[in-house]
Amino acid sequence: QKEVEQNSGPLSVPEGAIASLNCTYSDRGSQSFFWYRQYSGKSPELIMFIYSNGDKEDGRFTAQLNKASQYVSLLIRDSQPSDSATYLCAVNIYGNNRLAFGKGNQVVVIP
Amino acid sequence: DTEVTQTPKHLVMGMTNKKSLKCEQHMGHRAMYWYKQKAKKPPELMFVYSYEKLSINESVPSRFSPECPNSSLLNLHLHALQPEDSALYLCASSQDRVVEGYTFGSGTRLTVV
């Protein structure tokens with residue numbers, strides 16, 4: 001079983017719509033959960049992190065965490081063309097000084 | 001200072017060359033990482049240094065040799081690379097136990113010819 005799974009294919013959303021991304025993880029000891037945005041040819045940039053069950057909002061981004069079901073999600077409201085990127089879900093591995101990354105989901109916002 | 005600085009940004013090297021990638025952070029982070037990323041793939045962990053000691057080596061070939069001279073610097077020495085080693089090499093740093101995630105550098109785009 002992979003440590004972090006992001007199974008959705010490329011996501012195309014109209015400008016102004018909501019983009020929804022999901023991620024599941026296998027390590028029940030994980031405590032910290034992250035969403036990184038990566039533009040083509042650039043390095044990943046941290047956009048959200050969440051530690052507690054529930055929702056965390058930052059501007060147009062909302063991260064949701066459900067530890068019982070072991071999933072994390074990211075909502076992007078009022079999607080803009082500048083949101084077109086690959087979004088990487090990452091989870092800290094308990095007892096191991098590193099993050100595990102999902103394979104990423106590409107988001108394309110259509111003007 | 002909230003940056004991780006990587007040099008060079010681009011590097012082209014022959015298979016017989018020796019080169020080094022450099023990474024510097026001044027955020028007081030005590031863990032530093034090297035990742036390799038191929039196109040359309042997630043970052044792949046290579047090495048982790050914690051308090052200047054190598055704590056994780058993900059079975060990386062010996063043609064890649066990491067070095068952590070002090071808590072702010074991380075090097076990756078390259079020797080006798082193969083064309084398949086061409087990739088984006090990312091350095092990252094974090095507080096111990098990665099509670100607040102990584103800060104990535106801008107990466108070095110490496111091409112082996």
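The values are calculated or read from the model by the stated rules, or taken from the named source; none is laboratory data. Worth saying up front: this structure is predicted, and the values here are computed from it rather than measured. Neighbour counts are summed over all protein chains in view; Cβ atoms, including those assigned to glycine, are modelled from backbone coordinates with ideal geometry.
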Qualifying position, being free of Cβ contacts under 8 Å to residues at least 40 places away in the same chain and surrounded by fewer than 14 Cβ atoms within 10 Å (Cβ to Cβ), among B:GLU44, B:GLU100, B:GLU58: B:GLU58
Criterion: among the small types (Gly, Ala, Ser), facing chain A (nearest Cβ under 9 Å) and either touching a residue at least 24 places away in the same chain (Cβ under 8 Å) or surrounded by 15 or more Cβ atoms within 10 Å (Cβ to Cβ) (or both) - qualifying residue of B:GLY14, B:GLY105: B:GLY105
Subset of region B:79-102 [of a type in the set (Asp, Glu), within 10 Å of another protein chain (Cβ to nearest Cβ) and not in a loop (DSSP other than H, G, I, E, B)]: B:ASP96
Cβ pairs under 6 Å, 6+ apart, first in region A:55-74 and closer than 24 Å to A:ARG28 by Cβ, second charged (D, E, K, R) and in a strand (DSSP E or B): A:THR62/A:ASP55; A:ALA63/A:LYS56; A:GLN64/A:ASP55
Verdict on A:SER20 being among the hydroxyl-bearing types (Ser, Thr, Tyr), touching a residue at least 24 places away in the same chain (Cβ under 8 Å), away from every other protein chain (no Cβ under 11 Å) and part of a loop (DSSP other than H, G, I, E, B): no
Answer from A:ARG77, A:ARG60, A:ARG28, A:ARG37 - the residue that is surrounded by 13 or more Cβ atoms within 10 Å (Cβ to Cβ), basic (Lys, Arg) and either closer than 30 Å to B:TRP34 by Cβ or at pLDDT below 95 (or both): A:ARG37
Number of the exception - A:SER12 against (1) of a type outside the set (Val, Ile, Thr); (2) more than 14 Å from the chain's Cα centre (by Cα); (3) buried (at least 16 other Cβ atoms within 10 Å of the Cβ); (4) at pLDDT 95 or above: (3)
For A:ASP78: the one exception among (1) assigned to a loop (DSSP other than H, G, I, E, B); (2) within 14 Å of another protein chain (Cβ to nearest Cβ); (3) not small (Gly, Ala, Ser): (2)
So B:LEU76, is it at the interface with chain A (Cβ under 9 Å from one of its Cβ atoms), under 21 Å from B:THR5 (Cβ atoms), assigned to a strand (DSSP E or B) and at pLDDT 95 or above: no
